[in-house]
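Each remark here refers to the structure printed beneath this line.
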Amino acid sequence: MKTLSHTVEVLIRFNEADPLGIVWHGHYVRYFEDGREAFGERYGIGYMHFFKENVVVPIVHAECNYKKSLKFGDSVIVESTYHPCEAAKIIFSYKLYKKSDGSLVATGTTTQVFLDKDTQTLLLNNPPFFLEWKKQQLL
């Protein structure tokens with residue numbers, strides 16, 4: 001089974017930093033989302049693909065391990081890797097690199113589950129369209 005990864009560059013904006021120019025820690029999780037969105041565009045499994053199938057995929061677990069600070073004006077490279085599993089969930093891991101020197105600034109993971117868009121009911125099985133996507137992408 002092959003590994004699916006994608007990278008995207010994100011420029012650190014002024015409103016993401018404190019008065020000292022250091023990025024607030026909560027924004028790192030947002031960079032994970034930037035990575036997931038870019039991954040979804042690249043591999044044809046973005047949020048709108050789920051929405052069209054009457055499914056939403058909320059985060060139920062997020063973890064971030066901080067290594068170094070980012071500052072206003074930095075660019076960060078977000079590497080997002082999909083981790084296939086049999087359970088009805090989506091797991092990603094992330095590595096954030098400072099573009100200017102390639103240093104690792106953070107690592108993390110997120111776990112998402114499937115809910116029916118209208119009823120908000122947890123889906124205990126992978127939706128058929130997602131199983132088909134996994135079959136096409138991972139084999």
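Every number in this text was worked out from the coordinates using simple rules, so none of it is lab data. This is a predicted model, so every value here is computed, not measured. Every residue, glycine among them, receives a Cβ derived from its backbone with ideal geometry; neighbour counts consider all protein chains shown.
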**Prompt:** Would you list L20, L11, L70 from fewest to most Cβ contacts within 10 Å?
**Reply:** L20, L11, L70
**Request:** Please give the helix 128-138 orientation as an angle from the longest Cα principal axis of the chain, in degrees from 0 to 90, rounded to the nearest 10.
**Result:** 60 degrees
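When the Kirkwood hydrodynamic radius is evaluated over all pairs of different C-alpha atoms of the range 53-93, what value in angstrom, to one decimal, is obtained? Don't jump to the answer; show the numbers that get you there.
Values: mean 1/r = 0.0738 Å⁻¹.
It is 13.5 Å.
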**Message:** Given the options H25, F39, N15, identify the residue whose Cα lies farthest towards the positive end of the charge dipole of the range 1-42 (+1 on Cβ of Lys, Arg; -1 on Cβ of Asp, Glu).
**Reply:** F39
**Request:** With everything on Cα atoms, drop me the angle between helix 27-43 and the longest principal axis of the chain, reported from 0 to 90° to the nearest 10.
**Result:** 50 degrees
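For C64, C85, which order do you get if you count the other beta carbons within 10 Å of each Cβ and list the fewest first? Walk me through the numbers on the way to the answer.
On the way: C64 17, C85 12.
Listed from fewest to most nearby Cβ atoms, that is C85, C64.
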**Prompt:** Taking a quarter of the surface of the Cα convex hull of the range 4-138, what do you get in nm²?
**Reply:** 8.5 nm²
**Message:** Debye calculation, C-alpha points only, no solvent: report log10 I(q)/I(0) for the range 1-54 at q = 0.14, 0.15, 0.18, 0.31 Å⁻¹, in the same order as the q values.
**Reply:** -0.51, -0.56, -0.71, -1.17
**Request:** Order by neighbour count: D34, D101, fewest other Cβ atoms within 10 Å first, most last.
**Result:** D101, D34
**Fill in**
In deg cm²/dmol, rounded to the nearest 500, the helical mean residue ellipticity at 222 nm of the chain, built from -39500 (n - 2.57) for every DSSP H run of length 4 or more, is -7500 deg cm²/dmol
**Extension gain (nm, one decimal) between L20 and L123, 0.36 nm per residue minus Cα-Cα** = 32.6 nm
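With charges set only on the Cβ (+1 for Lys and Arg, -1 for Asp and Glu), what does the dipole of the chain come to about its Cα centre, in debye to the nearest 20? Intermediate values should be presented prior to the final figure.
Values: 16 positive and 16 negative charges, 63 e Å.
For the chain, the charge dipole is close to 300 debye.
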**Message:** Can you tell me which lysines have their Cα less than 24 Å from the Cα of K2? Leave out same-chain residues fewer than eight positions away.
**Reply:** K89, K95, K134, K135
**Message:** Based on the alpha carbons, how large is the Rg to Rh ratio for the range 72-139 when Rh follows Kirkwood?
**Reply:** 1.13
